[in-house]
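The values are calculated or read from the model by the stated rules, or taken from the named source; none is laboratory data. The structure presented is a predicted model; accordingly, all values stated were derived computationally and were not measured. Glycine gets a Cβ as well: all are built from the backbone with ideal geometry, and neighbour counts include every protein chain shown.
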């Protein structure tokens with residue numbers, strides 16, 4: 001596997017492409033730039049990489065190595081030696097079910113090893129998407145596209161100009177080893193409670209009390225800054241005490257009906273606890289994710305795809321790059337790193353569990369031949 005990495009700025013355009021660009025198999029682009037949304041951007045990439053599948057999404061911060069950048073684009077160019085790749089995409093249609101099932105159906109083959117998903121981050125229900133892709137019984141990771149902290153529109157590119165409402169899936173085939181790691185590092189606090197009334201990702205009551213009122217009571221003075229301050233206090237949910245907990249990020253509040261809207265489904269009857277920041281644990285969790293995704297052979301050359309939550313970035317501030325530095329330390333210099341800060345992460349808890357929608361996690365996917 002050969003990997004080259006370049007970046008784009010509004011002033012100077014793309015850096016020089018690597019020597020093997022004309023025969024590259026895959027280009028992954030992550031962008032916090034309006035230019036990414038244009039047809040001209042895709043046409044320029046296609047001219048640079050004529051034979052490659054080109055996939056990418058808008059972000060809440062781009063990752064290249066151990067650096068995070070905004071208002072630019074980053075690209076990783078990959079040439080596989082012993083494995084194959086296929087790209088499928090589907091656009092959201094009003095009321096259309098089973099998007100994940102249809103998408104995976106386009107990728108299925110006996111030698112399919114892994115699928116990596118890039119989805120619109122605002123128009124797609126990530127929980128339902130995860131349920132759909134799981135029906136293929138293939139390991140799946142990925143993430144929901146971001147839009148900085150604007151929460152306006154998100155964009156996905158899949159062998160065509162970027163578009164809103166799109167989901168792309170990359171299938172990896174043959175002699176490729178794909179591993180993943182997914183850890184959070186948040187700290188639960190307060191009493192265990194029950195979601196007593198909810199619909200999809202909207203929670204109306206917790207322990208019979210209006211959900212917004214409960215959140216305000218715990219947040220104290222920070223309640224005045226809701227929903228933004230809610231990024232610092234995600235919700236831990238689990239079907240039962242025997243199940244692993246998922247994390248849900250607060251997206252919006254409704255003062256009229258005292259409800260909370262989260263970035264993924266919060267089923268009625270689930271157990272829940274509030275969570276708070278522990279910066280040391282957040283950074284340590286990135287190391288745990290890297291250990292889970294580390295290759296079996298030391299110093300193996302490959303690519304690490306980082307999908308980390310915009311909420312983590314906002315909470316960690318200037319310390320955010322430390323979670324990338326610990327990934328680099330665990331994986332070694334031979335593994336190239338790229339990725340984006342997202343509106344949701346798609347990953348299993350381990351190699352044997354089904355893909356789930358997560359919030360506030362550091363999710364890593366490593367590719368090695």
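I'd like the residue in segment 262-273 that is surrounded by 19 or more Cβ atoms within 10 Å (Cβ to Cβ) and within 22 Å of the chain's Cα centre (by Cα) and, out of all such residues, is modelled with the highest pLDDT.
We begin by selecting, within segment 262-273, every residue surrounded by 19 or more Cβ atoms within 10 Å (Cβ to Cβ); these are 262-266, 270, 272.
Those left that are additionally within 22 Å of the chain's Cα centre (by Cα): 262-266.
On the way: 262: 89, 263: 85, 264: 88, 265: 93, 266: 96.
The residue in question is 266.
Just checking, which of 70, 120 is at pLDDT 95 or above, surrounded by fewer than 17 Cβ atoms within 10 Å (Cβ to Cβ) and under 18 Å from the mean Cα position of the chain (by Cα)? Can you show your working first?
Numbers: 120 fails: surrounded by fewer than 17 Cβ atoms within 10 Å (Cβ to Cβ).
One residue alone meets the criteria, 70.
So that you can scan it fast, the table gives a plain yes or no per residue for (1) closer than 19 Å to residue 28 by Cβ; (2) at pLDDT 95 or above; (3) under 9 Å from the mean Cα position of the chain (by Cα):
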| site | (1), (2), (3) |
| --- | --- |
| 297 | no, no, no |
| 301 | yes, no, no |
| 304 | yes, yes, no |
| 311 | no, no, no |
| 314 | no, no, no |
| 345 | yes, yes, yes |
| 353 | no, no, no |
| 361 | no, no, yes |
| 367 | yes, yes, no |
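Exactly one residue out of 126, 174 is in contact with a strand residue (DSSP E or B) (Cβ under 9 Å, 6 or more places away or on another chain) and at positive phi, and it is 174. Can residue 294 be described as under 15 Å from residue 234 (Cβ atoms) and touching a helix residue (DSSP H, G or I) at 6+ places or on another chain (Cβ under 8 Å)? Criteria not met by residue 294.
Mind listing whichever residues of segment 213-257 are surrounded by 14 or more Cβ atoms within 10 Å (Cβ to Cβ), touching a helix residue (DSSP H, G or I) at 6+ places or on another chain (Cβ under 9 Å) and in a helix (DSSP H, G or I)? Result: 215, 216, 219, 222, 223, 229, 230, 231, 232. Against the conditions (1) out of contact with any helix residue (DSSP H, G or I) (no Cβ under 9 Å at 6 or more places or on another chain); (2) farther than 30 Å from residue 78 by Cα, residue 260 satisfies every one except (1).
A quick yes/no check of all residues on (1) modelled with pLDDT of 95 or more; (2) crowded, with 19+ Cβ neighbours inside 10 Å; (3) under 25 Å from residue 325 (Cα atoms); (4) not assigned by TED's automatic domain parsing to the domain that holds residue 168:
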position: 16; (1), (2), (3), (4): yes, no, no, no
position: 28; (1), (2), (3), (4): yes, yes, yes, no
position: 39; (1), (2), (3), (4): yes, no, no, no
position: 46; (1), (2), (3), (4): yes, no, no, no
position: 50; (1), (2), (3), (4): yes, no, no, no
position: 59; (1), (2), (3), (4): yes, yes, yes, no
position: 86; (1), (2), (3), (4): yes, no, no, no
position: 96; (1), (2), (3), (4): no, no, no, no
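Within segment 134-146, the set of residues being touching a strand residue (DSSP E or B) at 6+ places or on another chain (Cβ under 8 Å) and farther than 15 Å from residue 307 by Cβ comprises 134, 136, 138. Condition check for residue 201 on (1) at positive phi; (2) outside the structural domain of residue 358 (by TED's automatic domain parsing); (3) buried (at least 18 other Cβ atoms within 10 Å of the Cβ): one failure, at (1). The lone criterion from (1) modelled with pLDDT of 95 or more; (2) under 19 Å from residue 163 (Cβ atoms); (3) crowded, with 23+ Cβ neighbours inside 10 Å left unmet by residue 104 is number (2).
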